[in-house]
1. Looking only at segment 353-393, count how many residues are in contact with a strand residue (DSSP E or B) (Cβ under 8 Å, 6 or more places away or on another chain), within 16 Å of ligand 1 (Cβ to nearest atom) and outside any loop (DSSP other than H, G, I, E, B).
2. Please report, ordered by residue number, the helices (runs of 4 or more DSSP H) entirely within segment 176-269 with at least 2 residues that are more than 14 Å from ligand 1 (Cβ to nearest atom).
3. Testing Leu355 on (1) in contact (Cβ under 8 Å) with a residue 24 or more places away in the chain; (2) over 30 Å from Arg403 (Cβ atoms); (3) among the aliphatic types (A, V, I, L, M), one condition comes back false. Which one is that?
4. If you go through segment 229-261, how many residues are of a type in the set (Phe, Trp, Tyr) and in contact with a His (Cβ under 9 Å, 6 or more places away or on another chain)?
5. Restricting the search to segment 209-259, which residues are among the β-branched types (Val, Ile, Thr) and more than 21 Å from the chain's Cα centre (by Cα)?
6. Of the conditions (1) of a type in the set (Gly, Ala, Ser); (2) over 19 Å from Val42 (Cα atoms); (3) within 11 Å of ligand 1 (Cβ to nearest atom), Ala105 satisfies every one except a single condition; which number is it?
7. Read through the list (1) touching a residue at least 60 places away in the same chain (Cβ under 8 Å); (2) of a type outside the set (Lys, Arg); (3) touching a helix residue (DSSP H, G or I) at 6+ places or on another chain (Cβ under 6 Å); (4) in a loop (DSSP other than H, G, I, E, B), then give the number of the only condition that Glu114 fails.
8. Test Tyr207 against the criterion of being within 16 Å of ligand 2 (Cβ to nearest atom) and assigned by TED's automatic domain parsing to the domain that holds Leu259, and give yes or no.
Amino acid sequence: MKIEIIVPSKQTYVPNQWRKVLHLFSLTGPAIAASIPSDVEVSLTEQSVDEIDYEREIDMVCISTMTSTAVKAYRIADTYREKRPDVKVLLGGIHASMLPDEAIAHADAVVIGESEELWPEIIADFRSGSMKKFYRCAELPDLCRLNPPRRELHAAKCLYVFNTIQTSRGCPYKCRFCSVHLFSGGKYRTRPVDDVIDEIRNLKGRYLFFMDDNPTGNVPYAKELFRKMIGLNKKWFSQVHISIADDDELLLLAKKAGLTVVGIGLESIIGDSLKATAKPKVSLEKYKENIRKLHKHGIIVLGSFIYGFDDDDEDVFERTIRFAQECKIDHASFHILTPYPGTAFYDQLKEEGRLNESLGWDHYTTRNAVFRPSGMNQDPDKLNKGILWSYREFYSLPSVWKRLKLNRHLPLYLTASLVFYFGTHKDERITERKEAKSLGLRVFLSTLEWAEKKILDSASSSLAKKRAAM
Ligand code: B12
Ligand code: SF4
């Protein structure tokens, strides 16, 4: 039996030409593959870096969905059903799990929830010709029994500068706009430390991205993990809760284990908006103090902000940028509050008639306002313009220059700044260069473009060599 797994591409700020260099491989496909019984042959297509081969000889296709990729996933599923009636189509992942009745219109079966424990049943049903329409994970999988993700399935697709790993699932907070606790449960579950360490030891390359919502959610666990990571010579990034800096021992261990970049959910700087998140409340002064501590350890801080809570008015953009500058965070990502299906926030907006139901799921990227914000005269365009303004303001070249600090990982700081700069200014950057008044700026912008071309050329030739050697 042969199964093909497809992970539809996400829209990102990473310009297309950079994807083969910087692409962060999704763990989804390798994790699914690892739990499929070993007598089944598995292949994987990650659409961001690969074409889908609809002619491939397979018996079943497993297509993953997030809300933002659901339209693509359904299109792929429909194409299979039209071109390949011999192939069973399965949809799964967070979106299909929240809306299984919608997903089943495009598939033979929908897998609801974390799928690891369901595979023996799915395969047995396929073999006996008695597949069900819905497979539901009755109990969340025991993370002690996970097989390591089958990363070899996409090893030849891009340069793999960053490896990805997951140590935990689930979240004890129940933020009204978030689906994590609905999908992975309200209990924080961790993998055995030694399994994680074994997996890290087998990874090539120095950079590691933790696909966790908060790897320090269980402090004794995190301390043990970080202790054992010391000496593995990795540099790692993750989202973490700002409270990591409250515990000096934890922070020091994380640093010694290679912590290089943290993503901190600052969500909103407007007091009442914070009520919409269920995380422990942290004052703005405390944020500043903890960010200072992280900086003292040379750690790059990426703050992520959400706009569009009911208390956010039109000043929120400027105030947020000012706050980001005062905190001296190194990078920032800005998001528009998005009502994901299944959440209390989605139900509330639907009931209040504030959802723009003409916008498809492909707008649910946190870059588009899909509802009418009450603090901005119900005008979604104010949010759409505000987020773009924020990126351009935060990633203007003078602002990037001002934040440059020598005690932090310079190549990473510069690469991320350039990617954000190119990603958010792509339409104007040629005009900007041509119209630049000072010769210095014109030369600088041309040098940036020259550097970008050099890096991409060298990456293409390394990738070609890697493929030839495989
Ligand atoms: C890491 C991560 C990212 C990385 C992804 C990197 C990458 N290349 O994959 C980055 C930072 C790029 C990212 C971006 C975004 N993310 Co994100 N991300 C996550 C995070 C933290 C972990 C995802 C992960 O890898 N999990 C590990 C893998 C193994 O689990 P999995 O994908 O769920 O797959 C399992 C099951 O779902 C199942 N499965 C999945 N598909 C299928 C298919 C079949 C057929 C079967 C049988 C089983 C199956 O099998 C796996 C094993 O059980 C989750 C939160 C979370 N805890 O899940 C949010 C999450 C997925 N992200 C979310 C969002 C909203 C986004 C963004 C849209 C917005 C944003 N936050 O910036 C963007 C996407 C950009 C876009 N334009 O579309 C939401 C999605 C909500 C929703 N309803 O869609 C989540 C759930 C976070 C949240 N707070 O709600 N994200
Ligand atoms: S937003 Fe973060 S803290 Fe809140 S439920 Fe989701 S993962 Fe947990």
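The values are calculated or read from the model by the stated rules, or taken from the named source; none is laboratory data. No experiment lies behind these values; they were computed from the predicted model shown. Cβ coordinates were reconstructed from backbone atoms using ideal geometry, including for glycine residues, and neighbour counts include every protein chain displayed.
1. Summing the residues that are in contact with a strand residue (DSSP E or B) (Cβ under 8 Å, 6 or more places away or on another chain), within 16 Å of ligand 1 (Cβ to nearest atom) and outside any loop (DSSP other than H, G, I, E, B) in segment 353-393 gives 7.
2. Here the list reads 193-201, 219-229, 248-256.
3. Among (1) in contact (Cβ under 8 Å) with a residue 24 or more places away in the chain; (2) over 30 Å from Arg403 (Cβ atoms); (3) among the aliphatic types (A, V, I, L, M), Leu355 violates only (1).
4. 0
5. Result: Val219, Ile230.
6. Condition (3) is where Ala105 drops out.
7. (3)
8. no
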